[in-house]
Amino acid sequence: MKKLWHIAREVWQLAPAFRLSLLYLILLAVVALALPWLPLAYGPNELDLEQIYQAPLAWGNETYKPRHWLGTDSLGRDVLANVLYGVRTAFAISLPVMVMASLIGLTLGAIAGLFGNRRLRLSRSLLTALLFALLPFTYYGIYLPIMLYSQGATYSDFLLTGTVAIGLTFVFVIVLAPLFSRIPFLSRTIHFPTDELLLRIIEVQTSIPRLILILVLAAIVPPTLPALSVLLVLTFWTGTARLTRAEMLRIRELPFFEAATSLGFTQKRLLVRQALPLLLGPVLVAFSFGLAGLLMLESTLSFLNIGVSTDLVSWGRMIAGIRTNTSAWWLVAIPGAMLSLTVLALQTFSYYLLRFLQHKK
Amino acid sequence: MATFVFRRLLLAIPTLWFIASVIFLLSKLMPGAFGSSSLGQQEAGYYSRSDAASREHNYRQFLEATGQDLPLFYFSITSAALPDTLHRIFPERDRTFLKKLSWQYGNPMAATHFFRSLKEFEKVLSETERLQVQQHLFSIYSHQEHAELRQALSGIAQQLPARSAITSELIVKGDNLLTDSSSYTYLLPSLQWHGSQNQYHRWIAGLLKGSLGTSLRDGRPVTTVLGEAVGNTWWLLLASIVVAALLALEMAILMIRRSGRIWRSTLLPSLFLLDSVPLFVLAMLLLVLLASPAFLQLFPVYGMGYYSVSDQNWLQQMGQWLQFMALPMLCLVLANLPYLTNQFYQAMAGVAGQDYIRTARAKGLSEHRVIRRHMLRNALLPVITLLSDYLPALVAGAVIVETIFAIPGVGRLLVETVLARDYPVIVGIVVIAAVFRLISHLMSDLLYALADPRIRAHAS
């Protein structure tokens, strides 16, 4: 933590562009948090059908209503309110998604990098037992809860299947593993290809362009915010995982890490105490780059009106409004500028961070 | 070289199969087949109310024709509390009801019997009789507690004493259901074997024969629908990547020159700026500025033209095509320029410091010759991989651009089918995208081998 603060202070003195972008991001955060107390005349979803397609700063409106400072869209929704509430939506979706994706990517990438293809030795009997135990776990731990949920079961039912799921999995492993180890073929230990497994999963997932994958999956799941977030997490963890794996492979060869290994530290301690502090920098860079990408993707999806409901206030929705009236330039200029500026700020931020980290190396 | 390509193809097939299967199975797991809302609707308007039976018949026929009444996979593991013939029950509403019933009472046999006799009972009712017992029927369909079912059944018996035969049947089945219920049946799994008569088998067999099924929207083969769309997207992508790559190359050369300081200090920041504008914002901005009557109207706005004259020669056809494609291409080029230029520049800057470049300069070669003849060849090697990796990412851009400019290509098709939930076409597009990726990988390997003799020697 102290080190992070130190890095932040050093980068702060580095470049004015960095300072500017950081200030902008902080300002956005403050606005997003302080929205309920701001004196906005209109809500973001409030219709004002008397004043549709108002240009920004249009003077001479004789109406008794408060003015729309940045104009209105086809249904008379206030652009200013939408843009400001759009900040909230954008970060409310992309921040948690990116945090989850980074955590998953960091964990999987670090494990794959640390163990590689040859360092994790498991007996075949245990692996087979685990595979068998996957069956009751999927049935009682995933299928039944989903069914129970859809049929509206009580709390005790969930508790019951949960207990059965965990209990049966343990029983399977404990009973089957010694049984299998009697068989000569299964009793041998093998290298578990952790790294290979991760790379294969990433390869399969990235063989479809991300936007297409998300569009296709959005056709399958119901258009709700949690479902979309899960989809985004599932498609965004690969970048961080790849980066973490590469960094971990590099760290593993460093002299201090070898020293720590030869001191006989446990793998967990190696991972958490020795490798993690060095991994945090690159992951932070990947985080802010990914956040920028996620902001773009989220607004693209709401622009295409796929995967989100239409009452979700968002920059993309506002920009989509121009498709019915191409002379309403403010509908694309204002939210588009906000979106681009935010992405620019995030990219500048991560660019300087990256440069600083490379410079220090 | 041939063996290398062959191996590569062989390795890609499992990935392709896996992805296509997952998307197919996922799309089938969702409740609500296409058309269930329009064809199977029972709460239709005033006029069509009378032929609800014929609607149901039509719907069943539609499902049989499209093979949607078959089980999904070779086997299924479901809870023992659910009847095995659930996939044969249509419409969707009845299926949900039977599922709920047998889940609630934990006895699929009794639930199915009760369900059948309920359906029989409803079939023989006349309109007035139906009105009499409507309330009880409603409470049967929506009841939560066992007592409610019992009450509704006895209510029906009291209301319709004339139809004692069919009513008593219903009540007997209902009593069976009530007495034989057990609450923990759902914990037991039950395995059913369906054999090769299933939707997945049909689909994968069709895929091997090169057919992707038929579109649910208009009943045309998916391959035809895709074939119409692929051409437009392909030419759009190819033209824009060629233009973008050439432009990026020239800009990188401008910046790498010794006298290119001014270019470096202007181009790099502006490209950085351009990179942070999302593609759809860029496209909308260009549309508003260059193709709307409020500002400059230089280009046609939407589509590919309403008519095509057949007696045009190819030059005129090309001219018309360009007229409509100019703005979309401009969008894609602008959106991809920053990344490509940056990569080209980095690659060339990496080469610029090497000894042989210094030698070439020392020989007194002109700057032009040094860059074009010596630097470029070696710098472009890694860029080949990059370009082929980048092609699939362009497909995502095509989705946005085609939707905005209404070009009838694959991207627009994807958005339309996603909104209509036309799953066969969606799965087809996924297969196409994965194949496209595969081909671009193969192409990059081949090009790499062509450019670098060492790899050729290694591979063979």
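Taking A:P184, is it over 29 Å from the mean Cα position of the chain (by Cα) and touching a residue at least 24 places away in the same chain (Cβ under 8 Å)? First the steps, then the outcome.
Values: over 29 Å from the mean Cα position of the chain (by Cα): yes; touching a residue at least 24 places away in the same chain (Cβ under 8 Å): no.
Criteria not met by A:P184.
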Legend entry - All positions within segment A:231-251 that are free of Cβ contacts under 8 Å to residues at least 60 places away in the same chain and within 13 Å of chain B (Cβ to nearest Cβ): A:L234, A:T235
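Give the residue, chosen from A:G113, A:G86, that is in contact (Cβ under 8 Å) with a residue 60 or more places away in the chain, open to solvent by less than 30 Å² (accessible area, probe 1.4 Å) and within 30 Å of A:A177 (Cα to Cα).
Numbers: A:G86 fails: within 30 Å of A:A177 (Cα to Cα).
Result of the check over A:G113, A:G86: A:G113.
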Inset, instruction - Report, by residue number, each residue of segment B:264-293 that is part of a helix (DSSP H, G or I), touching a Ser or Thr at 6+ places or on another chain (Cβ under 6 Å) and of a type in the set (V, I, T). - result: B:V288
Inset, instruction - Working only within segment B:67-93, note down all residues that are surrounded by fewer than 17 Cβ atoms within 10 Å (Cβ to Cβ), touching a residue at least 24 places away in the same chain (Cβ under 8 Å) and closer than 19 Å to B:E120 by Cβ. - result: B:T85, B:R93
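Going by the structure shown, is A:G105 farther than 30 Å from A:F289 by Cβ and either touching a helix residue (DSSP H, G or I) at 6+ places or on another chain (Cβ under 7 Å) or surrounded by fewer than 20 Cβ atoms within 10 Å (Cβ to Cβ) (or both)?
Values: farther than 30 Å from A:F289 by Cβ: no; either touching a helix residue (DSSP H, G or I) at 6+ places or on another chain (Cβ under 7 Å) or surrounded by fewer than 20 Cβ atoms within 10 Å (Cβ to Cβ) (or both): yes.
Taking the combined requirement at face value, the residue does not satisfy it.
Of the residues that sit in segment B:241-258 and are free of Cβ contacts under 8 Å to residues at least 24 places away in the same chain and farther than 15 Å from B:L387 by Cα, which one is nearest to the other protein chains (Cβ to nearest Cβ)?
From segment B:241-258, those free of Cβ contacts under 8 Å to residues at least 24 places away in the same chain are B:242, B:246, B:250, B:254; that's our starting set.
Now restrict to residues that are farther than 15 Å from B:L387 by Cα: B:250, B:254.
Details: B:E250: 25, B:L254: 22 Å.
Filtering first and then ranking leaves B:L254.
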Legend entry - Residue list for segment B:187-222, filter: surrounded by 14 or more Cβ atoms within 10 Å (Cβ to Cβ) and on the phi > 0 side of the Ramachandran plot: B:G213
Inset, instruction - Could you figure out which of (1) in contact with a helix residue (DSSP H, G or I) (Cβ under 6 Å, 6 or more places away or on another chain); (2) under 30 Å from B:P300 (Cα atoms); (3) of a type outside the set (D, E) isn't true of A:A292? - result: (2)
Inset, instruction - Say whether the condition of being in a helix (DSSP H, G or I) and more than 30 Å from A:V230 (Cβ to Cβ) is met by at least one residue in segment A:309-326. - result: yes
Legend entry - Residue within segment B:122-144 that is open to solvent by 40 Å² or more (accessible area, probe 1.4 Å), part of a loop (DSSP other than H, G, I, E, B) and closer than 25 Å to B:P91 by Cα present: yes
Inset, instruction - Evaluate the following for B:Q197: is it free of Cβ contacts under 8 Å to residues at least 24 places away in the same chain and either in contact with a His (Cβ under 7 Å, 6 or more places away or on another chain) or more than 22 Å from B:A81 (Cβ to Cβ) (or both)? - result: no
Inset, instruction - Tell me which residues, restricted to segment B:260-284, are open to solvent by 60 Å² or more (accessible area, probe 1.4 Å), within 11 Å of chain A (Cβ to nearest Cβ) and free of Cβ contacts under 8 Å to residues at least 24 places away in the same chain. - result: B:P269, B:L273
Legend entry - Qualifying positions in segment A:153-162 - assigned to a helix (DSSP H, G or I) and hydroxyl-bearing (S, T, Y): A:Y155, A:S156, A:T161
Inset, instruction - Can you tell me which residue among B:L414, B:L419, B:L450, B:L391 is farther than 20 Å from B:L11 by Cα, surrounded by fewer than 15 Cβ atoms within 10 Å (Cβ to Cβ) and within 14 Å of chain A (Cβ to nearest Cβ)? - result: B:L419
Inset, instruction - Taking B:V351 as meeting all but one of (1) away from chain A (no Cβ under 14 Å); (2) surrounded by fewer than 17 Cβ atoms within 10 Å (Cβ to Cβ); (3) over 35 Å from the mean Cα position of the chain (by Cα); (4) without any contact (Cβ under 8 Å) to a residue 60 or more places away in the chain, write down the number of the exception. - result: (2)
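With charged (D, E, K, R), assigned by TED's automatic domain parsing to the domain that holds B:L274 and more than 26 Å from B:Y448 (Cβ to Cβ) as the only criterion, which of B:R358, B:R373, B:R377 stands out?
B:R358
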Inset, instruction - Scan segment A:209-217 and give yes if some residue there is open to solvent by 40 Å² or more (accessible area, probe 1.4 Å) and away from every other protein chain (no Cβ under 14 Å), otherwise no. - result: no
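For A:D157, indicate whether it is open to solvent by less than 60 Å² (accessible area, probe 1.4 Å) and within 12 Å of another protein chain (Cβ to nearest Cβ). So that I can check it myself, show each step before the final result.
On the way: open to solvent by less than 60 Å² (accessible area, probe 1.4 Å): yes; within 12 Å of another protein chain (Cβ to nearest Cβ): yes.
Yes; evaluated as a whole, the condition is true for this residue.
Out of contact with any Lys or Arg (no Cβ under 6 Å at 6 or more places or on another chain) and touching a residue at least 40 places away in the same chain (Cβ under 8 Å): does that describe B:L238? Walk me through how you get there before you give the answer.
Values: out of contact with any Lys or Arg (no Cβ under 6 Å at 6 or more places or on another chain): yes; touching a residue at least 40 places away in the same chain (Cβ under 8 Å): no.
So B:L238 does not fit the description; no.
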Inset, instruction - Output the residues belonging to segment A:323-337 that are modelled with pLDDT of 85 or more and open to solvent by less than 40 Å² (accessible area, probe 1.4 Å). - result: A:W330, A:L331, A:V332, A:A333, A:I334, A:P335, A:G336
Legend entry - Residue list for segment A:82-97, filter: farther than 14 Å from A:A227 by Cα and not hydrophobic (A, V, I, L, M, F, W, C): A:N82, A:Y85, A:G86, A:R88, A:T89
Inset, instruction - State which residue is farthest from B:F436 (Cα to Cα) when the search covers only segment B:394-411 and only residues that are open to solvent by 10 Å² or more (accessible area, probe 1.4 Å) and either among the hydrophobic types (A, V, I, L, M, F, W, C) or facing chain A (nearest Cβ under 8 Å) (or both). - result: B:A406
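If you check A:I174, A:I146, which single one turns out to be in the same structural domain as A:L126 (by TED's automatic domain parsing), over 20 Å from B:L26 (Cα atoms) and open to solvent by 50 Å² or more (accessible area, probe 1.4 Å)?
Answer to the selection: A:I174.
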Legend entry - Output for segment A:306-339, where each listed residue is touching a residue at least 12 places away in the same chain (Cβ under 8 Å), facing chain B (nearest Cβ under 8 Å) and either closer than 23 Å to A:T235 by Cβ or touching a strand residue (DSSP E or B) at 6+ places or on another chain (Cβ under 9 Å) (or both): A:I306, A:G316, A:I319, A:L339
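The values are calculated or read from the model by the stated rules, or taken from the named source; none is laboratory data. Not measured: the values here are computed from a predicted model. Counting neighbours? That spans all protein chains shown, and the Cβs are built from the backbone with ideal geometry, glycine included. Note: areas computed on protein heavy atoms with side chains; ligands, DNA, RNA excluded. Shrake-Rupley method; radii C 1.70, N 1.55, O 1.52, S 1.80 Å.
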